[in-house]
Amino acid sequence: MRAINKIVLCTLSLCTFLASCQENIPQEQKDWENTTAYFNSSDEVSSNTYYKPSAGSVGDPLPFYDPVAKDFKILYLHNFEQNMEETFHPLWGVRTTDAATYTFMGEVLPTGRVGEQDAALGTGCVVYDETEKLYYIYYTGERYKPTADEDRQVVMRATSPDFVTWTKDPLFRLRGGDYGYISSQDFRDPYIWRMEDGWHMIVATRQTPPDPSKPNENGVLAEFVSADLKTWEHKGAFTKKMIWDRFMECPNVFQMGEWWYLTYSDMSAFERKVHYLKGHTIDELKAATEPHWPDSKEGALDGRAFYAGNTASDGTDRYMWGWCPERRGKDNTDISDSEEPKWGGSLVVHRLMQREDGTLYTAEVPAIRNKYSQSATCKVVKKWGEEEGNLTITDSTYAMKAYSSVLFNTLGYHNHISMTVTTSDKADRFGISFVRGERKDGDKTYEKYYSIMVCPDGNNNYIRFEEEQGKWELKGGGSYPFPIPADRTYNINIYTDNSVLVMYINDVLTYTQRIYGIQRNCWSVNCYEGAMTVQDIQLKQY
């Protein structure tokens with residue numbers, strides 16, 4: 001295993017060297033501020049805002065605030081492009097002090113050998129015991145091709161005095177089968193928090209044999225309690241069965257102010273989003289899975305392109321890290337509303353915020369906003385609708401009616417676009433398009449681009465993701481419903497890091513998406529129905 005680790009590290013060093021060499025290769029010279037032609041751009045080898053390693057991608061994260069080092073350490077299941085069939089997903093890690101820039105830590109915990117219980121690793125959590133001065137990783141161990149007498153998944157642990165050298169505990173196994181759960185199917189994603197009576201752990205599992213035709217149902221959270229993080233007592237099910245018996249992956253329990261929260265990733269193909277539930281007490285929180293939805297959007301915190309969200313707090317701010325999936329063949333249309341076409345991607349982070357009524361929302365990370373600090377040119381290179389009287393440009397204000405559009409010059413690799421949109425009526429529909437440019441097919445010139453549309457539906461809006469001039473609406477690319485503002489004013493902030501895009505609107509919507517080709521291509525603002533005014537468009541980069 002150590003020899004394999006050395007090979008992996010050498011491979012990473014080579015990738016980094018090649019990446020640095022690539023940056024020194026002269027790039028094609030273009031008039032980027034004035035061109036309207038499509039450019040077939042590629043992502044950088046690695047990303048450091050929405051982190052992606054040079055080799056492979058990020059799977060389910062295990063974020064942890066280290067009270068000794070005073071930084072966040074985010075371990076994650078490292079996903080290679082071609083994983084070994086028997087052993088895969090070792091824990092790798094990055095560290096950060098601000099959730100905006102990361103330092104690579106390398107492999108933190110390797111997989112076991114073929115035939116061992118942790119031939120593959122699954123997510124879990126990290127805790128620090130102040131009394132022992134000892135770090136613990138509680139993680140999921142998954143056996144390769146278990147026999148009828150063996151467990152597919154169990155909870156395992158490793159310890160370290162310094163977060164550098166880790167020792168797996170060969171004697172510790174928390175088996176679901178010992179407590180009436182189905183560890184032959186799912187017994188995973190342990191999460192631990194501290195209360196007055198000791199340490200508490202929840203584990204995502206199943207309580208009754210699953211219906212083969214409904215593999216994601218019968219989910220429940222098992223609860224265990226410990227005084228010393230060594231021995232654990234089963235306390236029964238933390239939750240009753242979730243509505244529709246959905247399976248809750250990556251569960252987290254924490255307190256903010258007067259409220260207790262449970263966040264989880266809904267494994268169902270129908271939903272597949274990160275959600276939360278709330279209660280004034282732990283008992284009220286447990287009862288919420290019947291459910292008592294916390295808000296009008298059923299607790300959704302982002303769209304389908306943000307998954308496996310786990311949280312960590314430094315005592316002041318709480319952040320949620322999850323992954324934005326890559327698309328097969330770098331195809332922006334490789335989206336489904338029935339499954340996730342490709343597992344793993346880039347590490348995306350939101351700040352978790354609380355309203356007075358206890359409802360949660362995800363928001364910009366302040367350090368990411370500060371990171372995009374260099375003002376960049378934002379100029380109109382083409383426009384539609386002016387001759388018909390549907391577009392009027394006065395200084396930096398754009399008055400737009402249906403079927404008008406304003407095309408702006410090409411974007412860089414890391415962009416922060418901000419603007420204010422005010423619609424004339426709650427039924428108005430508008431959008432922002434990326435990867436816009438004239439493409440050539442022989443003697444023909446055509447366009448194909450990707451639009452994030454704000455579409456009204458009664459008193460709410462929802463996001464519709466389309467490939468315009470192509471496949472049109474991409475099912476599974478939409479958002480949860482969010483309220484139409486009373487003043488019909490939308491304060492929009494969009495961050496891109498290579499092909500990852502994250503949009504925030506009015507502290508009521510967070511929308512993450514993967515769009516290849518954003519960099520080196522134009523973008524536009526479009527009015528589809530009604531009328532609107534667009535003001536204060538700014539572009540910042542780093």
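The values are calculated or read from the model by the stated rules, or taken from the named source; none is laboratory data. Computed from a prediction, not measured in an experiment: that's the story for all the values here. Glycine also receives a Cβ, built like all others from the backbone with ideal geometry; neighbour counts cover every protein chain displayed. Accessible surface is based on the protein model in full, side chains and every heavy atom, while ligands, DNA and RNA are left aside. Shrake-Rupley method; radii C 1.70, N 1.55, O 1.52, S 1.80 Å.
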Specify which of the listed residues (Gly322, Gly315) is buried (at least 16 other Cβ atoms within 10 Å of the Cβ) and more than 18 Å from Ile505 (Cα to Cα). Gly322
State all residues of segment 330-373 that are among the small types (Gly, Ala, Ser), open to solvent by 40 Å² or more (accessible area, probe 1.4 Å) and under 22 Å from Gly478 (Cα atoms); if no residue qualifies, say none. Ser338
Find the residue count for segment 201-216, including only residues that are of a type in the set (Val, Ile, Thr) and either open to solvent by 40 Å² or more (accessible area, probe 1.4 Å) or at pLDDT below 65 (or both). 1
When segment 49-104 is checked residue by residue, the ones that are in contact with an Asp or Glu (Cβ under 6 Å, 6 or more places away or on another chain), hydroxyl-bearing (Ser, Thr, Tyr) and over 23 Å from Arg328 (Cα atoms) are Tyr65, Thr97
Show the residue pairs meeting these rules: Cβ distance below 6 Å; 6+ apart or different chains; first residue within segment 381-399 and within 19 Å of Thr423 (Cβ to Cβ) and at pLDDT 95 or above; second residue open to solvent by less than 70 Å² (accessible area, probe 1.4 Å) and assigned to a loop (DSSP other than H, G, I, E, B). Leu391/Gly385
Considering only segment 56-64, I want to know if a residue exists there that is open to solvent by 10 Å² or more (accessible area, probe 1.4 Å), outside any strand (DSSP E or B), in contact (Cβ under 8 Å) with a residue 60 or more places away in the chain and closer than 22 Å to Phe187 by Cβ. no
Scan of segment 118-138 for residues that are of a type outside the set (Phe, Trp, Tyr) and crowded, with 20+ Cβ neighbours inside 10 Å, ordered by number: Asp118, Ala119, Ala120, Leu121, Gly122, Thr123, Gly124, Cys125, Val126, Ile137
Output for segment 374-390, where each listed residue is part of a loop (DSSP other than H, G, I, E, B) and either surrounded by 12 or more Cβ atoms within 10 Å (Cβ to Cβ) or touching a Phe, Trp or Tyr at 6+ places or on another chain (Cβ under 6 Å) (or both): Ala376, Cys378, Gly385, Glu386, Asn390
Residue count, segment 473-505, condition under 20 Å from Asn415 (Cβ atoms) and open to solvent by 30 Å² or more (accessible area, probe 1.4 Å), comes to 1
Checked segment 155-200 for anything crowded, with 24+ Cβ neighbours inside 10 Å and either over 25 Å from the mean Cα position of the chain (by Cα) or among the polar types (S, T, N, Q) (or both); matches are Met156, Gly176, Ser183
State yes or no: is Gly470 open to solvent by less than 10 Å² (accessible area, probe 1.4 Å), closer than 29 Å to Tyr38 by Cα and not in a strand (DSSP E or B)? no
Out of the residues in segment 459-518 meeting the condition of being free of Cβ contacts under 8 Å to residues at least 40 places away in the same chain and among the acidic types (Asp, Glu), tell me which one is nearest to Ser336 (Cα to Cα). Glu473
Is there a residue in segment 397-411 that is surrounded by 17 or more Cβ atoms within 10 Å (Cβ to Cβ) and touching a Pro at 6+ places or on another chain (Cβ under 7 Å)? no
Considering each of Phe80, Phe72 in turn, give the residue that is surrounded by 17 or more Cβ atoms within 10 Å (Cβ to Cβ) and of a type in the set (A, V, I, L, M, F, W, C). Phe72
